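The values are calculated or read from the model by the stated rules, or taken from the named source; none is laboratory data. Quick caveat: nothing in here was measured; it's all calculated off a predicted structure. Counting neighbours? That spans all protein chains shown, and the Cβs are built from the backbone with ideal geometry, glycine included. We work out accessible area using only protein heavy atoms, side chains counted, and drop any ligands, DNA or RNA first. Shrake-Rupley method; radii C 1.70, N 1.55, O 1.52, S 1.80 Å.
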Amino acid sequence: MTSRSAVGDAEPTQPDRQPPPRGHSTFENRRILFVDDLESIHEDFRKIFAKNAPPSTLDNDEAILFGTQEPTRPALVEFEMDSAFQGQQALEMLRASLQENRPYAMAFIDMRMPPGWDGVETVERLWQEDPRLQVVFCTAYTDRSWTEVLNRLDVRDRLLVLKKPFDPIEVYQFANALTTKWKMAEQAALKMSSLEQAVEERTRELSNANIVVQNSPVILYRLRGEPSFPLIYVSHNITKLGHDPQALIASPDWAKRLIYPEDRAKVGESMARILEKGAAGASIEFRLCAGDGSLRWVENRYVPVRDQESRLVEVEGIVIDITERKAAEEKIALLARTDELTGLANRSTFRERLNQTFAAAKRGALPFAVLYLDLDEFKPVNDTFGHQAGDLLLQEVARRLKNCTRGTDLIARLGGDEFAILQSEVTEPVYAGELAARIQAELCRTYHLNGNDVSISVSIGICPFVTGIPDADAMLVQADLALYRSKEQGRDQYHFYSQTLDHEVLDRVTLSGELLRAIDGNELELQYQPQVELSSGKIIGMEALVRWNHPTRGLLPPSVFIPIAEKTGSIVPLGHWVLDQACRQMKAWREQGLILSVIAVNLSLHQLKHGQALIRDVTQILAKWGLPASDLEFDVTEATLAQLKWMQNDVLPQLRSLGVKIAIDGFGSEYSSFDYIKEYRVNHLKIAPSYINESAMNDDHAATMRAIVTFARDMGIPVIAQGVETAEQSSLLKEADAGAQAQGFHFSKAVDAQKATELLRSGAIQPSKPAKG
């Protein structure tokens, strides 16, 4: 007797459809076989895969804050489950599945199943039929010693042990990870087979190699969703890499112990990406420090788990050892797969790397871009000065291309005067445009060839990776079409595969250059939005907000140019200007006898990364205007806090030691718990506008707002509500805490220095009706 069911929230399967043959890269195999002599155990497994894990308990404030609903989890993978009650029955079902070309990916097997075979003999027989089967032993106790089990079975990396009683989360993660591992092993085997055929005579030592996924542990882990990302679970097989799971969980520096120092920055940037509201998951390769001091290359795949308010609850992931795969790739790279004339990669190498990079980006790795290059005047040079001069020109072009790119980029000569570049880590299309502009400038410089001065230009087509693109070949086609447009429209230029993207990138590049000139050209101005005490209407502080009086586009809000400044690095000189002007205005108000407790300035992550330069800047500007440090308050977001914590950046404590105040901007919008705030010495919590906007219309948001205010009051931290636009919102805040402060259009929009001075002279703001924004 067998029992079969399919559970999950993913797309429905099609049982009647025949799967592709073994090793096919699209074979999605989520078939699981449960082998146990008790029907109740089978029922337990079905329940585990049919429901979500229970929510964690919270204290009273957090219960009020987050409600009693279960946190949302990622959509469950759909598994196809079969049940067998004895080992002999399991063997028959396995044989039938192989005959139908529908193999099982894994099996959960009980150790004791009287009166038939025990778990060890069952596994032995199953592996004789299908050595690819991943196995999890389920046991409370066993008649055999584990030494005997390991000596008898050829375990390799195919066997894990699950102690009874079961942890539902662990069971689900085992199933998800091991079925994924089964598929990856099949893909790896197919890929390795293709590589062996391509380089058979020159890579004989690789003929019997296998991708590491098939011979390495899969490590499961979970992180709590708060700025320090504490490790709350890691599977026991981390011991294979020489680490104690409990010691790692207890360590606040677990990441520092595991991640190779040179890779921490890129891992930190990758982790920061999951803080973005729309992030579905990510993947990154880095070097992991084993317990014996050796290094292992691993791939880390992880997804954020968010609640109904899109706040981060946890991060769940798997770590896969890819050391042998990396070694195989390095050996292949050493083969003569380069262009003999220039020493660059050849077409075959470029296509291979492109396919790998495309697959990684599909799994969540950083996006990239393909640039196609064609030398515009190469043929006349070749015809006029001879082939020797043409070869010298190609070699010099190759050298200059290397000077324009990074070590992580791949340059290839495709043939003749055609080149291609695989640009890595292109998070914005503008970065590909900047590289193309550098290449144009570099290749247009005069060449000296055998006593002759030669000038050429280059046409470039660009295709960045985007989510909807079907495959790597499509990217090559798009880049080629973009190159054709560059040629057709006059040469010596670059184009993207779409005119819309052309215009967007040109606009970004133009604004970036104009912004640097605007800082020195008196085009920027600061506006000030009052922070008001609710009980009295008294103005407590002012937040300085930068605006750009663009000569042709008019008044630009910071949302237009701040992201550009952060990505191009011009945020540093812009931040210096804002800080200097804000302190100058604060000094002017002081000299006029106007009372103001603090002036607030926003800080970006890019500024905070330049920690010591920022400290010097703050110290010098405060001294320049003769202001005490307590007059200045810096606003940082929760997402910025998380990245500083991950990078172990201590710039905020250093600023606090100077006497500068710190406020958390948009508090409550990123994380489902706010316990993390206890380790920061902050002066204000600024409640996110989303809670304020919804508080008058939604009881849950109103409860959340009150809970934040209560928590802050208990911690002794003043609260500033952001985005207060109505009298009703103001009243709700007063009810929660009469001593709270607020800012928003209900009191005043951001105004210029003259209007702000008039408001300060009045001493207080008493709005009679909501102001429209």
inquiry  = In the chain, if the dipole is taken from +1 on Lys/Arg beta carbons and -1 on Asp/Glu beta carbons about the Cα centre, which of His42, Gly461, Ala389 is farthest to the positive end?
reply    = Ala389
query = Of Pro530, Ala740, Pro131, which is farthest along the charge dipole of the chain in the positive direction, counting Lys and Arg as +1 and Asp and Glu as -1 at C-beta?
reply = Pro530
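How much length would be gained if the chain were fully extended between Leu506 and Ala280, taking 0.36 nm per residue of separation minus their Cα-Cα distance, in nm to one decimal?
Full extension of this stretch gives 78.4 nm more.
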inquiry  = Filter Lys266/Lys402; Lys181/Lys240; Lys402/Lys567; Lys181/Lys645 down to the pairs with a C-alpha to C-alpha distance above 27 Å, please.
reply    = Lys181/Lys645
ask   = Which value in nm describes the separation of the simple spin-label points at Glu121 and Glu39, placed 7 Å from the Cα toward the beta carbon?
value = 2.5
query = For segment 220-348, what class follows from the C-alpha gyration tensor (a ≥ b ≥ c being the square roots of its eigenvalues): rounded when a/c is under 1.5, otherwise prolate if a/b is larger than b/c, else oblate?
reply = oblate
query = If r is the Cβ-Cβ distance from Arg681 to Lys240 and R0 is 45 Å, what FRET efficiency results, to the nearest 0.05?
reply = 0.65
ask   = Within segment 402-503, what percent of beta bridges assigned by DSSP are antiparallel, to the nearest 5?
value = 75
ask   = How many percent of Cα pairs in segment 434-547 exceed 19 Å?
value = 67
task = Kindly report the accessible area of segment 262-419 per residue (heavy atoms of protein chains, probe 1.4 Å, no ligands, DNA or RNA), in Å².
result = 43
Largest-first ellipsoid semi-axes for segment 322-447, taking √(5λ) over the Cα gyration tensor eigenvalues, angstrom = 28, 19, 10
inquiry  = Using protein chains only and a probe of 1.4 angstrom, how many square angstrom of Arg399 are accessible, to the nearest 10?
reply    = 110
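Roughly how big is segment 349-502's charge dipole about its Cα centre, with Cβ charges of +1 (Lys, Arg) and -1 (Asp, Glu), in debye to the nearest 20?
400
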inquiry  = Can you tell me what share of the DSSP beta bridges in segment 615-722 is antiparallel? A percent to the nearest 5 is fine.
reply    = 0
task = Once you have the Cα-Cα distance between Lys567 and Asp253, take 0.36 nm times their residue separation minus that, and quote the gain in nm to one decimal.
result = 110.1 nm
ask   = Between Arg406 and Ala290, what is the label-to-label distance in nm when each label sits 7 Å out along the Cα-to-Cβ direction?
value = 2.9
ask   = Using +1 on the beta carbon of Lys and Arg, -1 on that of Asp and Glu, and nothing else charged, what's the dipole of the chain about the Cα centre, debye to 20?
value = 1140
task = Show me 430-438, 557-565, 161-169 ranked by packing, highest mean number of other Cβ atoms within 10 Å first.
result = 430-438, 557-565, 161-169
task = Scan [x] 0.97; [y] 1.07; [z] 1.13 for the value of Cα Rg over 2.2 N^0.38 Å calculated from this model and give just the label.
result = [z]
message = Can you order the peptides 659-670, 566-577 by their average number of other Cβ atoms within 10 Å per residue, highest first?
response = 659-670, 566-577
key: Rounded to 5, the percent of DSSP beta bridges in the chain classed as antiparallel   = 60
task = Take the solvent-accessible surface of the protein heavy atoms, probe 1.4 Å, and return the percent of it on the chain that carbon and sulfur atoms account for.
result = 50
ask   = Stokes-Einstein at 37 °C, 0.692 mPa s, Kirkwood radius from Cα pairs: D for segment 477-631 in µm² s⁻¹?
value = 180
query = Assuming a viscosity of 1.306 mPa s and a temperature of 10 °C, what translational diffusion coefficient in µm² per second does Stokes-Einstein assign to segment 641-736, Rh being the Kirkwood radius over Cα pairs?
reply = 112
note = Checking rank on 636-642, 386-392, with mean other Cβ inside 10 Å and highest first, the result is 636-642, 386-392
remark   = For Ala696 and His610, extending 7 Å from Cα along the Cα-Cβ vector and measuring point to point gives, in nm, a value of 4.2
request  = With +1 on each Lys and Arg Cβ and -1 on each Asp and Glu Cβ, and nothing else charged, work out how big the dipole of segment 238-305 is about its Cα centre, in Debye to the nearest 20.
outcome  = 100
